[in-house]
Amino acid sequence: MTIDPSLKVPNKLAATVDHLLPRSMGGTDDPSNLATAHLSCNSSRGASLTW
Ligand SMILES: [Zn+2]
């Protein structure tokens with residue numbers, strides 16, 4: 001589903017920044033480690049919402 005950048009958390013379809021390798025596992029904030037994901041997709045993956 002397309003991400004609409006005008007939507008804001010806690011809208012389930014808001015854009016969130018997802019770390020491909022979680023910070024807790026040594027991932028960085030480098031753009032190569034970041035991807036946008038819907039809030040609902042991000043949380044369903046069990047990713048940390050703190051970054
Ligand atoms: Zn999604």
Sort 14-23, 28-37, 1-10 by the packing proxy (mean of other Cβ within 10 Å over each peptide's residues), most packed first. 14-23, 28-37, 1-10
Under a plain spin-label model, where a point goes 7 Å from the Cα along Cα-to-Cβ, how far apart in nm are THR2 and VAL17? 2.4 nm
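Read-outs throughout are calculated quantities, based only on the coordinates presented, and are distinct from any laboratory measurement. What you see is a predicted model; the values in this text were computed from it and never measured. Glycine also receives a Cβ, built like all others from the backbone with ideal geometry; neighbour counts cover every protein chain displayed.
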